[in-house]
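Structure first, commentary second.
Please treat every number below as a calculation from the coordinates, not as lab data. Just so it is clear, the model here is predicted, and its values are computed rather than measured. With ideal geometry, Cβ positions are generated from the backbone for all residues, glycine too; neighbour counts draw on all protein chains shown.
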Amino acid sequence: VDLQVKLDEEFGRLVEDRRLLRDFIFPRVSTNQPITSPSTFIAFQKPSDLEPAYIVDKVDELGKQLVVVCGDDPLSQEAQDNATLNFRMHTCATLATRRVLEKFHLTKEAFHWVVGEIETKFNQSVADPV
């Protein structure tokens, strides 16, 4: 039951992110543009050893670890949410449970590496406040 709730929440978040991207962020962009996805670490012959709940939890945790604006006050929190919104949407869509398990066939080790690389590259790309 807990797994189904997590998967339903993930699906709801993906649907809401798609709506937000189409209606608010990119309202005039054609949706028929091709999108390429990386094919790194795909082993079609091997099933994944990941659990769906684990994937959902790790992707949520990753989104919370990507900090651009520090602070606990409401203004800082809103600035943080606005600063990372597009990146979190893209990460959630790319590392959605079904894609990780059925399309990418990532092992637990490969998934950890991908999540770690995303966090590392994001932190390297954040501009130093002067």
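Odds and ends about this structure:
- Restriction of the trypsin sites (Lys or Arg not before Pro) in region 41-113 to DSSP coil positions whose beta-carbon has at most 13 other beta-carbons within 10 angstrom yields no sites.
- Links that overshoot a 19 Å alpha carbon limit, given the list K46/K108; K64/K103; K6/K46: K64/K103; K6/K46
- Additional length obtainable on full extension of the chain from Y54 to E117, 0.36 nm per residue less Cα span: 20.9 nm
- Residues A127 and D8, FRET efficiency given R0 of 35 Å [Cβ-Cβ distance, rounded to 0.05]: 0.40
- Rounded to the nearest Hz, the phi-derived 3J(HN,Hα) couplings of region 51-64 under the Karplus curve 6.51 cos²θ - 1.76 cosθ + 1.60 (θ = phi - 60°) are 9, x, 4, 5, 5, 4, 5, 5, 5, 4, 4, 4, x, 7, where x marks glycine and proline.
- Expressed in Å, the radius of gyration and Dmax of the Cα atoms of the chain are 16.0, 50.
- Nearest-ten-degree value, helix 108-125 long axis tilted from longest Cα axis of the chain: 20 degrees
- ³J(HN,Hα) computed for each position of region 10-21 - Karplus, 6.51 cos²θ - 1.76 cosθ + 1.60, integer Hz, glycine/proline x: 4, 4, x, 5, 5, 5, 5, 4, 4, 4, 4, 5
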